Amino acid sequence: MLARAPISGGAPRAMENRIDFADWSPKGEEMAVVRETDQGTQLEWPVGKPLYRTAGYISEPRISPAGDRIASWITP
């Protein structure tokens, strides 16, 4: 589960389920996530918009400083 917590403290608030990895965009407005599905894993950018799906494994997405590219480890 992906959750957010206030920097000043307090309880985390659930955002999304079945998320393995995430990375914020440079401006902190959106994030790329790797989500588990029944068919494997998928890379989403922004959350909810699948860019790539595989029956294999995707991990550690990173968004470029310009916010125009995403890198990730993919094992088909």
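Read-outs: derived from the displayed coordinates by stated rules, not from any lab. Given the structure is predicted, the values throughout are model-derived calculations rather than measurements. Methodologically, a virtual Cβ is constructed for each residue, glycine included, from the backbone with ideal geometry; neighbour enumeration extends over all protein chains shown.
Overview of values
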{"quantity": "Dimensionless Rg over Rh [the chain; C-alpha; Kirkwood]", "calculated": "0.99"}
{"quantity": "Spin-label model distance (nm) - Asp68 vs Glu30, 7 Å beyond Cα toward Cβ", "calculated": "1.5"}
{"quantity": "Inter-label distance, nm, simple model (7 Å from Cα along the C-beta direction), Tyr52/Ser8", "calculated": "4.0"}
{"quantity": "Footprinting exposure proxy for Thr41, Thr54 (fewest neighbouring C-beta atoms within 10 Å first)", "calculated": "Thr54, Thr41"}
